[in-house]
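S.K.: Take a look at this one; I'll ask things after.
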Amino acid sequence: MAAKNDSDIVFAIPSKGSLYEGTLEFLKRSGLPVIYSNERQYTARLGGVEGISVLFQRAEEVPAKLASGAADIGLTGEDLFHEQAGYADELVLVLGKLGYGHARLVVAVPTTWIDVSSMEDLAELAISFRLKHHRNLRIATKFPNLSREFLSQHGIVDYALVESLGATESAPSSGAADLIIDLTSSGKTLADNHLKVLKDGAVISSQACLIASRRIANWEAMRLERLEAFLDMIESHLRGRDTYNLQAAVQRSKLLELARLKQSHQCRLAYSLPMDELASAGGGREPYVVIRMTCPQLHLHEVIRRLRDCGAEEVIVTRPEYVFRDQSESFQRLKRILKKGSEIQE
């Protein structure tokens, strides 16, 4: 493995757990595989783009590594990024909701609390609990900042946060806390520990996200070009993941109607080619053209219906691995954000 150069972009990614596995797979699918000679090492390199070294860190430590200058860009969970709000002046969210690492931060109470099913119920219980037991409700969590903000939004003040150093879900059964605010994916672990999620107790829905240090505003052109290429690959993979290519023969007179799908369904008409043989073979049949267009997954069947209305007898649908645009939208957006504080060198 090549040694890290001083001009390298340092990319911090999770070193273990579901985010680690998900990140390796996501980067591979984005054409940016992690390349290392020894899995026990804490560094590697990124394939696909030159000049990017990989630093493995615990997911919760990634924002701090960027804030300290030890890394330039990083992948972590949205929950962890928002929890560490103290770094807001030093970090920027580049791309959220990368499509893996799904989890919810939720308020969960013992199933024996049959009269508590909402945050309003919990607020009432917090008051009566203090009057009866002469102490506040104890809430175990690894997310004190997000927890305080959420509890404040629901008018709950009679509580005490308990730092969770181990398995948070076991805190109520062990007597360390009365309830918890913790991450859940399937809910099975909570159920196994006889806990239930309050119906309006979702603090945040989280996925993996890409963050960057605001120090990149002062980078030279070469490093910025590498960052742009990196973002372009990820962004194009994300776009391809949610896009279909459609090809069909439609009536030429319907092209204007299909072009309107760009506004109503975010479709893009890539090209149209005349089909003279269909025009002459149909005995007065209206001329047809072959069109190719891109369509978001969300609108696929509605767009196919429109194509049928325009005379299509067959629609061929494929899914691209990447969809590149004329420039990286995320890089341009990042430049605009950073220019509010300091200029990126052109």
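S.K.: Take the range 298-315 and flag every residue that is in contact with a strand residue (DSSP E or B) (Cβ under 6 Å, 6 or more places away or on another chain) and in a helix (DSSP H, G or I).
M.R.: Restricting attention to the range 298-315, the residues satisfying the condition of being in contact with a strand residue (DSSP E or B) (Cβ under 6 Å, 6 or more places away or on another chain) are 300, 303-304, 307, 310-312, 315.
Passing the criteria: 300, 303, 304, 307.
S.K.: Are there any pairs, at least 6 apart or on different chains, whose C-beta atoms fall under 6 Å, with the first in the range 304-326 and over 30 Å from residue 231 (Cα atoms) and the second of a type in the set (Gly, Ala, Ser) and surrounded by 12 or more Cβ atoms within 10 Å (Cβ to Cβ), and if so, which?
M.R.: 307/248; 312/248; 315/248
S.K.: If you check residue 106 against the conditions, is it under 30 Å from residue 25 (Cα atoms), in a strand (DSSP E or B) and at pLDDT 95 or above? Write out each step before concluding.
M.R.: Details: under 30 Å from residue 25 (Cα atoms): yes; in a strand (DSSP E or B): yes; at pLDDT 95 or above: yes.
For residue 106, the condition - under 30 Å from residue 25 (Cα atoms), in a strand (DSSP E or B) and at pLDDT 95 or above - is met.
S.K.: Given the options 112, 76, name the one that is in a loop (DSSP other than H, G, I, E, B) and of a type outside the set (A, V, I, L, M). Can you show your working first?
M.R.: Details: 76 fails: in a loop (DSSP other than H, G, I, E, B).
Sole residue among the options that is in a loop (DSSP other than H, G, I, E, B) and of a type outside the set (A, V, I, L, M): 112.
S.K.: Follow-up. Determine whether the range 199-209 contains at least one residue that is crowded, with 19+ Cβ neighbours inside 10 Å and without any contact (Cβ under 8 Å) to a residue 60 or more places away in the chain. Even if it seems obvious, please write down each step before you answer.
M.R.: Of the range 199-209, the ones crowded, with 19+ Cβ neighbours inside 10 Å are 201, 203, 206, 208-209.
Retained after the next criterion (residues that are without any contact (Cβ under 8 Å) to a residue 60 or more places away in the chain): none.
Checking the range 199-209: not a single residue is crowded, with 19+ Cβ neighbours inside 10 Å and without any contact (Cβ under 8 Å) to a residue 60 or more places away in the chain.
S.K.: Now for a separate question. With the condition kept exactly as written, say whether any residue in the range 257-275 is among the aromatic types (Phe, Trp, Tyr), more than 21 Å from residue 241 (Cβ to Cβ), modelled with pLDDT under 80 and in contact with a strand residue (DSSP E or B) (Cβ under 7 Å, 6 or more places away or on another chain).
M.R.: yes
S.K.: Then there is this: Please pick out the residue among 210, 224 that is among the aliphatic types (A, V, I, L, M) and within 22 Å of residue 78 (Cα to Cα).
M.R.: 210
S.K.: Give me the helices (runs of 4 or more DSSP H) completely within the range 178-280, filtered to those with at least 3 residues that are assigned by TED's automatic domain parsing to the domain that holds residue 50, ordered by residue number. Even if it seems obvious, please write down each step before you answer.
M.R.: On the way: elements: 188-192, 221-241, 255-259, 261-265.
Counting at least 3 such residues, we get 221-241.
S.K.: What pairs can you find where one residue is in the range 110-134 and within 16 Å of residue 196 (Cβ to Cβ), the other is β-branched (Val, Ile, Thr), and their Cβ atoms are less than 8 Å apart, with a gap of 6+ or different chains?
M.R.: From the range 110-134, the pairs are 116/109; 119/107; 119/156; 122/107; 122/109; 122/116; 122/156; 125/116.
S.K.: Then there's this: Kindly provide the set of residues from the range 5-59 that are in contact (Cβ under 8 Å) with a residue 24 or more places away in the chain, exposed (fewer than 14 other Cβ atoms within 10 Å of the Cβ) and in a helix (DSSP H, G or I), ordered by number.
M.R.: Across the range 5-59, the qualifying residues are 17, 25.
S.K.: Right, something else. Restricting to the range 162-185, name every residue that is without any contact (Cβ under 8 Å) to a residue 12 or more places away in the chain and either more than 26 Å from residue 87 (Cβ to Cβ) or of a type in the set (Gly, Ala, Ser) (or both). Steps first, please.
M.R.: Taking the range 162-185 first, the residues without any contact (Cβ under 8 Å) to a residue 12 or more places away in the chain are 165-167, 174-175.
Residues satisfying the conditions are 166, 167, 174, 175.
S.K.: Which of the residues spanning the range 80-121 are on the phi > 0 side of the Ramachandran plot and either polar (S, T, N, Q) or touching a Leu at 6+ places or on another chain (Cβ under 6 Å) (or both)? So that I can check it myself, show each step before the final result.
M.R.: Looking only at the range 80-121, we keep the residues that are on the phi > 0 side of the Ramachandran plot, and these are 97, 99, 101.
Listed by number, the list holds a single entry, 101.
S.K.: For the range 139-161, which residues satisfy the criterion of being buried (at least 18 other Cβ atoms within 10 Å of the Cβ), of a type outside the set (Phe, Trp, Tyr) and either in contact (Cβ under 8 Å) with a residue 24 or more places away in the chain or in the same structural domain as residue 60 (by TED's automatic domain parsing) (or both)?
M.R.: Within the range 139-161, 139, 140, 141, 142, 146, 147, 156 meet the criteria.
S.K.: Looking only at the range 225-249, which residues are more than 17 Å from residue 95 (Cβ to Cβ) and out of contact with any strand residue (DSSP E or B) (no Cβ under 6 Å at 6 or more places or on another chain)?
M.R.: Initially, the range 225-249 is screened for residues more than 17 Å from residue 95 (Cβ to Cβ), giving 225, 244-249.
Scanning the range 225-249 gives a single hit, 225.
S.K.: Check the range 125-132 and report whether any residue there is assigned to a loop (DSSP other than H, G, I, E, B) and buried (at least 19 other Cβ atoms within 10 Å of the Cβ). Walk me through it before giving the result.
M.R.: Here is the first cut: in the range 125-132, the residues assigned to a loop (DSSP other than H, G, I, E, B) are none.
No, the range 125-132 contains no residue that is assigned to a loop (DSSP other than H, G, I, E, B) and buried (at least 19 other Cβ atoms within 10 Å of the Cβ).
The values are calculated or read from the model by the stated rules, or taken from the named source; none is laboratory data. Quick caveat, the model's predicted, so the values are computed rather than measured. Here the Cβ is made from the backbone with ideal geometry for all residues, glycine too, and neighbour counts use every protein chain on show.
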